[in-house]
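Reviewing the structure listed below.
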Amino acid sequence: MGIVESTQRAAGTAIRYGTYLTLSGAASVVLLIYMVVPAHLLGRSEFGLFSSLFSLVVFLGAVFTAAQTYVAGIIASQQHSAAADLRPLVSRIVLWCAVLAVGWTFSAPLVAHWLRASILSVAIVGVIAVATLAWAALLGVLQGGGRFVALGAVNLAQAALRMAALVLTIGTGDINLVLGATAVSMVPAIVLVAVVVRLGSPRQSGQGASRPSVALGSILPMLIVGLVVGFPGVGDLIIIRAVHDAETAGDFAVVALVGRVLIFLAIVVNTVLFPLFVSERDSLRGTRTLLVATGVVSVILAVPLGLILLQPATIVSLAALPSTAAAKLLPAYAVASYLFAVGSLGCYFQLARGNRTYLFGALLPFIGLLMGFCAFVTELAQLMLCLSGAALLLVVINIVVPVRAAHERCH
């Protein structure tokens, strides 16, 4: 009977995770189309501006990921497992949104000048950012509670709402109107996830509920991990937009759009693995899970990477308007994105373990290195090589550190 129950439980878990991966994969495809359509309908310079503005939201995904991971870590650690216990978290989410809104208000003129955009465009992006922060934090409740089917469903619904907003407005060619419609689409998305959280039944905590790991006690470590994971295709694009001309930034935006696909796939996997890493943080099973996941993700992502390396010009033409310059840059950037995607697994593993030495001693300087490359390496071909080398370093560190720690514990 025990074997039967164990088999049924394993099958149920596999179906749940498989459903989540399918739904989130579909959401990622819709969001990719959301960026591909403007790439075809807008000019290269206009798309560079649109992509840079939207990348502000995606780059703030580091903050959103931090908030979502923070909430998920608390739920996974069984500190807030009943619906009544969510009220302190809701208050904290409101505070985060207020802080982001105030900070964005004061920084908007500087951002507009930096990106050569209008104040109105930057203001609308700020509204999207605040709404997305609230939405992402609520997703953390579903993620930490292991409600992956619901998580995948609301992800897909939000992507569909955003796509509908684009379809209704892209024909006007007005970037502000497209961004404004996207902001409006976040309202039903937030309402939907709030209803799903409220109607759900999170798991009940046991008597011996474990405390969160040290890193989960502060949102700063999540922010550091989010900045590293969200840098390729987002953070680099924002810097390139500021230091290069509009045409060059447009070419890079196309390259970043394609490379971002690999990062999105890894983020989907990280969402499933993080609560597992939290639950296994005090055992060697976590290290084995990390190594297995690294191998599986490496193989899965090798397929789209191979297609990009074999037909870069075709991929660029499918993603946006044909560009010889973008096609030449794409292979090296795709390799860098691939390595970043694989290395991101180790970042979340160390976050769950509460390894502050790694987070502050390794990842924080790593972020500075990435920003320095983008700001001071003016030749884009050389920048691609620098980013690839940095990504390879990240993979090595994220494999060597946990394996070495596991070896020391065994002996």
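In this structure, Ile170 does not qualify as part of a helix (DSSP H, G or I), under 20 Å from Val94 (Cβ atoms) and in contact with a Leu (Cβ under 9 Å, 6 or more places away or on another chain).
In the stretch 109-133, the residues that are in the same structural domain as Gly180 (by TED's automatic domain parsing) reach residues that are of a type in the set (Lys, Arg) and surrounded by 20 or more Cβ atoms within 10 Å (Cβ to Cβ) with C-beta atoms within less than 6 angstrom, at least six apart or across chains, in these pairs: Leu115/Arg241. Close Cβ contacts (under 6 Å, 6 or more residues apart or on different chains) running from residues in the stretch 264-286 that are farther than 16 Å from Leu339 by Cα and part of a loop (DSSP other than H, G, I, E, B) to residues that are among the hydrophobic types (A, V, I, L, M, F, W, C) and at pLDDT 70 or above comprise Arg281/Ala352. Confirm whether Leu301 is under 18 Å from the mean Cα position of the chain (by Cα), buried (at least 20 other Cβ atoms within 10 Å of the Cβ), within 23 Å of Leu257 (Cβ to Cβ) and among the hydrophobic types (A, V, I, L, M, F, W, C). Judged against the criteria, Leu301 is a match. Among the candidates Ala327, Ala362, Ala381, Ala334, the residue that is in a helix (DSSP H, G or I) and touching a residue at least 60 places away in the same chain (Cβ under 8 Å) is uniquely Ala334. Look at Arg162 and say whether it is out of contact with any helix residue (DSSP H, G or I) (no Cβ under 6 Å at 6 or more places or on another chain), surrounded by 18 or more Cβ atoms within 10 Å (Cβ to Cβ) and closer than 28 Å to Arg198 by Cα. Answer is no for this residue. Number of residues in the stretch 349-395 that are on the phi > 0 side of the Ramachandran plot and of a type in the set (Lys, Arg): the value is 0.
Selection of the stretch 101-131 for residues being aromatic (Phe, Trp, Tyr), in contact with a helix residue (DSSP H, G or I) (Cβ under 6 Å, 6 or more places away or on another chain) and surrounded by fewer than 19 Cβ atoms within 10 Å (Cβ to Cβ) yields only Trp114. Checked against the criterion of being over 17 Å from the mean Cα position of the chain (by Cα), hydroxyl-bearing (Ser, Thr, Tyr) and part of a helix (DSSP H, G or I), the stretch 344-352 contains not a single residue that satisfies it.
This table checks each residue for (1) modelled with pLDDT of 80 or more; (2) among the β-branched types (Val, Ile, Thr).
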{"site": "Ser283", "(1), (2)": "no, no"}
{"site": "Thr289", "(1), (2)": "no, yes"}
{"site": "Thr294", "(1), (2)": "yes, yes"}
{"site": "Pro312", "(1), (2)": "yes, no"}
{"site": "Ala325", "(1), (2)": "no, no"}
{"site": "Phe340", "(1), (2)": "yes, no"}
{"site": "Gly346", "(1), (2)": "yes, no"}
{"site": "Gln350", "(1), (2)": "no, no"}
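Checking each residue in the stretch 235-259 for being within 29 Å of Gly306 (Cβ to Cβ) and acidic (Asp, Glu) picks out Asp236, Asp251. All told, Leu387 meets the bar of being assigned by TED's automatic domain parsing to the domain that holds Phe264, under 18 Å from Ile239 (Cα atoms) and touching an Asp or Glu at 6+ places or on another chain (Cβ under 8 Å).
The values are calculated or read from the model by the stated rules, or taken from the named source; none is laboratory data. In this text, all values refer to a predicted model and were calculated from it rather than measured experimentally. Here the Cβ is made from the backbone with ideal geometry for all residues, glycine too, and neighbour counts use every protein chain on show.
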